[in-house]
Amino acid sequence: MFESHVYLEIRILLDMPEKAFCPCPVLPLRTASSCPVCAGAKKADSEAKPRLNPLAASKASELAGILSLKNPQSLVWEGFVNPPELPAEYSISGLSLLLGSQGSLEIGIKGARKRIGIEELRIEEYSGRLIRSAGKTRMDYSRAGSPCLRLKTAPDFEFGQEAEAFLFDLRGILQYLGIIENNFDAAARCNAYVCLCEYAKPPENYVKLRNLNSINFVRKAINAEINRQEEIQAAGGRVPPESRLWNEAESRTDRFKERLEDSHSRYQRAPYPSFSVDPALATRAQALPEDLPSRQRERLTRDFGIPFQDALALSEDSERIQLFDQSVKAGVEPQMAARWIATELTRLLKREGKRLGASPISPSRFATILSLLSAKEIHIRMAKRLLETVLLEDKDPETILVERDWKQITDPAALNALIQEVLAEREGAINRIKTGESAPYEYIIGLVLERSRGQADPARVREILRTKLGCPFVHVLAMGGAIVSSTDSSGLIQPLADKKVRELAAEAAGDIVIKVERVPLDAQASEEISPADWAVLAAMIAHKVTAEGARGVVVAHGTDTLAYTAALCYWLFAESPVPIVLTASSATPEASDEARSNLSQAAQLAASAKGGVYVAMGGKVLSALNLKFERIGPDGFRNWNMDSPRFRGTAFTSGIWDADQDILRSIFEDAIRKICVLRVYPGMRSEIMRAAIDSGTRYLILELFDSGTANLRGTSFSLRDAFSYARRRGVTVFCTSQQEGIVDFRRYSSSHGLARAGALPMGGLSTESVYTRLLAASLEAESHEDLMELMEALSN
């Protein structure tokens with residue numbers, strides 16, 4: 001077995017007018033310098049004596065304090081053993097000054113905390129960078145000679161995601177201290193040193209990945225290099241120490257040049273006298289400030305339940321955090337404020353090349369727009385247009401609404417007048433609707449919206465129209481199971497005829513006007529459900545709500561896989577404007593009254609509840625998320641890990657409402673081919689897990705004994721080894737529990753290392769909810785990275 005060792009060297013360019021060790025100005029282009037310091041004088045005479053840039057020293061000292069770096073007793077001038085060679089018109093002294101050592105930074109990774117050692121922090125001079133374009137590599141010296149910080153970590157990273165998390169947190173600290181502005185990738189360059197060696201053996205022959213110019217590239221390059229080294233060593237080869245470059249187009253590292261072993265020293269003492277540490281530099285904060293981005297991110301997720309990716313986007317910029325806090329204080333719902341800042345507002349600012357603090361988007365204006373949206377005085381398209389217009393024209397939202405006459409029509413009298421005008425002209429369509437047709441319904445709504453120039457509230461138009469036409473349909477979709485089946489004379493359960501299903505549903509619904517339709521499936525029993533069946537159901541639900549104006553939707557389902565279908569419906573339709581209610585029965589209608597009772601409860605709920613996704617069973621209303629089938633009988637279902645049921649939330653994609661059934665099926669089938677679900681059991685043979693990993697699986701959902709304490713003791717490899725193997729094979733492991741409870745690897749010493757080995761604990765989510773979350777995420781994600789962001793948003 002192998003284990004990986006990775007450390008980073010990060011050069012952070014300081015935007016300062018003077019050089020690091022002499023008062024010479026930093027210029028875009030340089031001529032041969034007469035300054036003996038920046039010309040690289042080699043003897044200690046008074047004329048060549050360097051001096052430390054006080055502004056650079058101050059910034060470096062603040063960073064050293066936050067990283068808990070130890071102060072040196074004295075500052076010793078050092079120079080590079082092999083200084084970089086620059087063209088004649090550029091000059092640097094080749095000096096380096098150690099300002100701190102032996103510090104650390106704690107990061108959060110996959111639900112766990114990990115402390116990364118910081119070996120040293122230095123002030124140096126920037127010597128240029130490698131850039132790659134059109135398949136060619138060249139040096140860029142345009143900033144050569146500028147002051148820069150060089151930070152070196154300990155080899156504590158095991159894979160690229162850990163390095164990525166470290167750099168996110170470091171970026172936040174640098175922005176907080178004012179060392180860099182928002183563009184970390186422009187100000188910082190990383191070299192990653194990667195070594196894969198046999199387990200418990202000391203690392204040697206590090207491969208240097210040079211000039212990684214984005215956080216994303218750091219993660220990708222490290223993981224690709226670990227995989228490359230494993231393939232070489234597994235085949236009996238040796239990995240030589242060399243420098244390599246990241247090839248983004250081919251997703252691989254390419255050889256750049258050979259490099260010497262790491263045993264030699266990079267620095268040698270320069271011929272200048274050492275000097276005492278300035279007391280002002282020695283006095284520095286040793287605690288992480290509360291307003292650091294990482295602390296803010298934790299606050300957003302902990303106190304407001306903000307999804308991780310939105311919290312990350314907000315915490316990158318202190319101005320976004322301030323806008324969020326002030327908007328919430330003004331009464332805006334926290335998740336709504338976070339989502340609009342992280343998505344729509346950030347997109348507009350980026351498009352216009354503006355910084356939030358220098359834009360016309362003030363907290364009061366932003367809060368006003370979202371308050372108008374929440375009060376349904378404007379709809380979402382109006383809100384987006386209004387935000388854009390405020391940004392471009394620097395006007396108050398209320399002023400724009402008056403000038404453009406954009407305010408949404410919500411007055412019942414005005415809407416009634418519009419609707420009556422349209423109905424008077426469309427008598428034929430009205431008659432078709434009253435006889436049970438639903439196609440003309442959406443047509444009439446479209447005419448009303450067109451006549452109002454898009455200003456009528458679509459939801460209220462639909463509500464008024466339903467009342468006027470007396471057709472508040474609840475659509476019952478018969479998907480299968482005992483609830484819409486019967487037992488024949490031989491004891492076999494057979495599907496009810498369509499007519500019998502309609503009679504049963506109508507009897508159960510009572511006074512509620514319903515329409516019944518069978519979901520066209522190949523499966524008879526619910527355990528035979530396939531991705532194609534889910535695609536058909538999702539497309540039908542979306543069509544009933546949008547095109548047919550359903551008042552609510554009832555899905556009559558089997559019991560065995562109801563937990564899966566319910567969770568998938570939640571991830572897809574958690575923002576549904578009308579209630580979607582799933583129900584089932586453990587007995588056929590002739591065997592007991594359970595089927596009629598549950599159908600009646602579901603129909604009543606679909607006709608009266610607010611939008612969202614529900615499960616109606618045995619007189620209880622349950623959440624579709626974390627639903628568990630525990631026993632056969634009217635009380636066989638309950639919710640895990642919930643203080644109160646969740647019926648609404650954030651759906652994965654708004655595109656579900658007009659998604660094509662065939663496209664849904666194709667995406668679901670492709671996703672399922674990459675997923676495998678395994679359950680750990682006592683004595684489980686490790687080759688079973690290895691076979692699953694090697695079978696083409698991309699995502700492995702593993703049900704553990706609660707919190708991951710099972711270690712497959714006595715087999716050829718432990719869970720940690722299995723997870724490390726999965727990571728090297730490009731397989732992501734999501735961990736759930738076989739019991740009700742939260743999966744947290746930090747609780748037991750035997751499982752503490754599992755997160756470091758690459759497993760992602762899914763907290764309190766059940767296996768069914770994680771499995772269907774992967775399917776739903778596949779509809780929105782354009783890449784593996786996108787999908788992982790969607791999955792990790794809930795696990796962090």
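The values are calculated or read from the model by the stated rules, or taken from the named source; none is laboratory data. In this text, all values refer to a predicted model and were calculated from it rather than measured experimentally. Here the Cβ positions follow ideal geometry from the backbone for every residue, glycine too, while neighbour counts run over all protein chains shown. Side chains are part of the model used for accessible areas, which takes the heavy atoms of the whole protein and leaves out ligands, DNA and RNA. Shrake-Rupley method; radii C 1.70, N 1.55, O 1.52, S 1.80 Å.
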Self-check item: Accessible area (Å², 1.4 Å probe, nearest 10) - Glu507
Solution: 120
Quiz item: Roughly what % antiparallel, to the nearest 5, for the DSSP beta bridges in the chain?
Solution: 65
Exercise. Grab the eigenvalues of the alpha-carbon gyration tensor for the range 564-657, scale each by 5, take roots, and send me the semi-axes largest first in whole angstrom.
Key: 23, 15, 11
Quiz item: Ranked highest first by average number of other Cβ atoms within 10 Å, how do 481-487, 14-20, 452-458 line up?
Solution: 481-487, 14-20, 452-458
Practice problem: Treating only the Cβ atoms of Lys and Arg (+1) and Asp and Glu (-1) as charged, compute the dipole magnitude of the chain about its Cα centre; round to the nearest 20 debye. | Solution: 1620
Quiz item: In debye, nearest 20: dipole of the range 169-262 around its Cα centre with unit charges on the Cβ of K, R (+) and D, E (-)?
Solution: 120
Quiz item: For the range 613-675, which semi-axes, largest first and in whole Å, follow from the square roots of 5 times the eigenvalues of its Cα gyration tensor?
Solution: 28, 16, 12
Practice problem: Could you state the accessible area per residue of the chain in Å², with a 1.4 Å probe and every protein chain left in place? | Solution: 44
Quiz item: From the residues Ile688, Val476, Gly79, which one has its Cα farthest along the dipole of the chain in the positive direction, the dipole being from +1 and -1 charges on Cβ of Lys/Arg and Asp/Glu about the Cα centre?
Solution: Gly79
Quiz prompt | Magnitude of the charge dipole, the range 363-412, Cβ model with Lys/Arg +1 and Asp/Glu -1, debye to 20 | solution = 240
Quiz item: What accessible surface, in Å², does a 1.4 Å probe find on Trp534, ignoring ligands, DNA and RNA and rounding to the nearest 10?
Solution: 20
Quiz prompt | Which of Met139, Met642 is most accessible, then next, and so on - probe 1.4 Å | solution = Met139, Met642
Quiz item: When the convex hull of the C-alpha atoms of the chain is computed, what volume per residue in Å³ does it have?
Solution: 189
Quiz item: Ignoring ligands, DNA and RNA, how do Leu521, Leu55, Leu702 rank by accessible area with a 1.4 Å probe, largest first?
Solution: Leu55, Leu521, Leu702
Exercise. With a 1.4 Å probe and every protein chain left in place, tell me how much accessible area Ser214 has, in Å² to the nearest 10.
Key: 20
Self-check item: Structure-based [θ]222 nm, the chain - -39500 (n - 2.57) summed over DSSP H runs of at least 4, per residue, nearest 500
Solution: -11500 deg cm²/dmol
Self-check item: Rounded percent of accessible protein surface that carbon and sulfur make up, the chain, 1.4 Å probe
Solution: 49
Exercise. Could you point to the residue in Ala603, Ile656, Leu678 farthest towards the positive end of the range 582-732's charge dipole, with +1 and -1 charges on the Cβ of Lys/Arg and Asp/Glu respectively?
Key: Leu678
Self-check item: Sequence of Ile66, Ile688 from largest to smallest accessible area, 1.4 Å probe
Solution: Ile688, Ile66
Quiz item: With the dipole of the range 317-453 worked out from charges on the C-beta (+1 for Lys and Arg, -1 for Asp and Glu) around the Cα centre, which of Thr399, Ile444, Leu356 lies farthest toward the positive end?
Solution: Leu356
Quiz item: Going by average Cβ neighbours within 10 Å, how do the peptides 540-549, 113-122 rank, with the highest at the top?
Solution: 540-549, 113-122
Quiz item: Based on the mean of other beta carbon atoms within 10 Å per residue, what is the order of 422-428, 232-238, most packed first?
Solution: 422-428, 232-238
